[in-house]
Structure formats: structure tokens, C-alpha cells
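The values are calculated or read from the model by the stated rules, or taken from the named source; none is laboratory data. Because the structure is predicted, anything quoted here is derived from the model rather than measured. Cβ coordinates were reconstructed from backbone atoms using ideal geometry, including for glycine residues, and neighbour counts include every protein chain displayed. Note: areas computed on protein heavy atoms with side chains; ligands, DNA, RNA excluded. Shrake-Rupley method; radii C 1.70, N 1.55, O 1.52, S 1.80 Å.
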Amino acid sequence: MTVLLAINVNNTYTKIGVYAGTRLALNWRLQTDPGRTADEYGVLLLGLFEAAGALASAIDAVVVSSVVPPMNAIIDEIRTGMPILMDNPKEVGADRIVNAVAGYDRVRAACIVVDFGTATTFDYVSARGEYAGGVIVPGIAISLDALFLRTAKLPRVELVRPPRVVGRNTIHAIQSGVIYGYTALVDGLVERIRKENDTHARVLATGGLAALIAPESSTIESVDEFLTLDGLRIIYERNGGRDAS
């Protein structure tokens, strides 16, 4: 059985998963720090393995995706099994392609993957399994930071659902705008994507804040925080890796 280390480097967080065959055995979520050296990341990974009672030496293979621009060209050299119908495929973040691969593998039909990361992204895959493009909007955390930094009196707030849509104080009003406002944004964009492409497109969500928005959404069908890692596992297998489990 192949033991695979999957790493997804995003702008804000880095997700790390260890697969035993197709089973996600271990996972960690770290803050991305461009200032760390490769040696520092190595020591950090070894510490995580030790804390989990696992042996790093058991790893058979490693697969990595990154939104760091120099890494994007690697997409052209990796067999994702998914045609990329973009004007310039190199512009597409590696994590978005990985999400699309995992989403289509999950439903085997036209789908929309919504990733609530540093940016909130919507990626559409056709019924034929083609990456057809997507939508990018500022992420929830970025929007909140801008609201706090660009206004004199609005406070930072905890990201929880307020008791009602119409807030009776400033904190509840901001929470309502974030939770219900982003839910309306998601549902509205999903319906527009469906209308333009495939009215039956399935909708999957991932990312740190997906679980916050999904319960209020009328379009999101399922949430999988490990969708990107699973996509990396699938791409690894398509590029010569094998699962003997």
C-alpha cells in the first residue's frame, strides 16, 4: 500500500495530508510563511510526524500543489486528465485545477467547486470533464480586514451566525452582512453559472469557511475540507503512482 504525502500551499494556509492508499490517515493545517526555509519546513514536518506517533520514513511519495507563480507552469507537465479550456492555462492556480479534478471525480458530472480560501473561487467543470473557467471574488477574511482597516469605528467581529438578518447592533449587522451576504453571493453566482452552462451542475464546497456558509446556502450540496488533498492524491495516481490497497 502506497503512503503518500500531499501538500497544498495556499496564500494563507498550507494543508498537509498523509494518505494510506485512498484513506486520509493524517492531516494538518499550517499558516503559510514564505519566510521559512526548506530546512525549517522539514523540521516542522518531522515534528508533526513525531507528535502524531508516525514515521516520516514510511512516506513512499510526495505530491505538492502551490499558488506560487513559478509553480503554475508545472500544471502543463502533469497529467491531470482534465482539458483546461482557458485562454492561458498557466494563469490558473494549481489548487483550482486540483479542486476541479477532485470535484469531477466525485460526481462524474458537470460541477461547480466553491473554495472559501484567501479568495473565494468558483470553478466550473463541464459534463465532459473539461475545466471551463471560473469566478474569483475577495475572500471573507480579506473583506472583513478591509472593513476594519478602512473605517474608523467598525470593530473586528467573530465569524458566527447572528440571531437575525437585520442586526440590532453593529456586531450583529457586520456578521449578517458577512454570513448572509456571502451566502447570497454564492447562490447568485452559482445560479448564473448554471444558467450559462448546465442547469444541473452539482455544487461542492471546500476551504476553511465553507462550513460556515454552506448551511445557509440553497445551492451547496456538500462540504469537504479535504477536497484539495484528495485531488492531489488522484493526480498522483494519474501520473504513475499506484494504490495497492
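Results, tabulated for the structure shown:
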item: Breaking point among (1) loosely packed, with under 15 Cβ neighbours inside 10 Å; (2) touching a strand residue (DSSP E or B) at 6+ places or on another chain (Cβ under 8 Å), for residue 189; result: (1)
item: Index of the failed condition, residue 225 passing every other in (1) touching a residue at least 60 places away in the same chain (Cβ under 8 Å); (2) of a type outside the set (A, V, I, L, M, F, W, C); (3) touching a strand residue (DSSP E or B) at 6+ places or on another chain (Cβ under 8 Å); result: (1)
item: Sole residue being open to solvent by less than 40 Å² (accessible area, probe 1.4 Å), more than 20 Å from residue 228 (Cα to Cα) and within 22 Å of the chain's Cα centre (by Cα), chosen from 159, 144; result: 144
item: Hey, residue 208 modelled with pLDDT under 95, of a type outside the set (A, V, I, L, M) and under 27 Å from residue 105 (Cβ atoms) or not; result: yes
item: Candidates 125, 137 - the one that is open to solvent by less than 40 Å² (accessible area, probe 1.4 Å) and in contact with a Cys (Cβ under 9 Å, 6 or more places away or on another chain); result: 125
item: Evaluation of residue 65 against (1) surrounded by 17 or more Cβ atoms within 10 Å (Cβ to Cβ); (2) assigned to a strand (DSSP E or B); (3) at pLDDT 85 or above; (4) of a type outside the set (Val, Ile, Thr) (one fails), failing number; result: (3)
item: Out of 30, 5, 26, 46, sole residue that is without any contact (Cβ under 8 Å) to a residue 24 or more places away in the chain and surrounded by 15 or more Cβ atoms within 10 Å (Cβ to Cβ); result: 30
item: Where a residue in the range 142-169 is touching a residue at least 24 places away in the same chain (Cβ under 8 Å) and over 15 Å from residue 182 (Cβ atoms) and its partner, wherever it lies, is assigned to a loop (DSSP other than H, G, I, E, B) and among the small types (Gly, Ala, Ser), with Cβ under 6 Å and at least six apart; result: none
item: Filter result for residue 150 (surrounded by fewer than 14 Cβ atoms within 10 Å (Cβ to Cβ), touching a helix residue (DSSP H, G or I) at 6+ places or on another chain (Cβ under 7 Å) and farther than 23 Å from residue 221 by Cα); result: no
item: Failed criterion for residue 49 (all others in (1) over 24 Å from the mean Cα position of the chain (by Cα); (2) in a helix (DSSP H, G or I); (3) hydrophobic (A, V, I, L, M, F, W, C) hold); result: (1)
item: Elements of type helices (runs of 4 or more DSSP H) in the range 134-213, at least 3 residues being in contact with a Pro (Cβ under 6 Å, 6 or more places away or on another chain); result: 170-196
item: The range 87-105 residues that are acidic (Asp, Glu), paired with ones that are surrounded by fewer than 24 Cβ atoms within 10 Å (Cβ to Cβ) and assigned to a helix (DSSP H, G or I) (beta carbon under 7 Å, 6 or more apart); result: 105/234
item: Number of the condition not met by residue 56 [criteria: (1) hydrophobic (A, V, I, L, M, F, W, C); (2) farther than 27 Å from residue 139 by Cβ; (3) at pLDDT 85 or above]; result: (3)
item: Yes/no for residue 237 being assigned to a loop (DSSP other than H, G, I, E, B) and open to solvent by 50 Å² or more (accessible area, probe 1.4 Å); result: no
item: Tally of residues being open to solvent by less than 40 Å² (accessible area, probe 1.4 Å), under 23 Å from residue 13 (Cβ atoms) and of a type outside the set (Gly, Ala, Ser) across the range 98-117; result: 8
item: Residue in the range 202-221 that is surrounded by 18 or more Cβ atoms within 10 Å (Cβ to Cβ) and among the basic types (Lys, Arg) present; result: yes
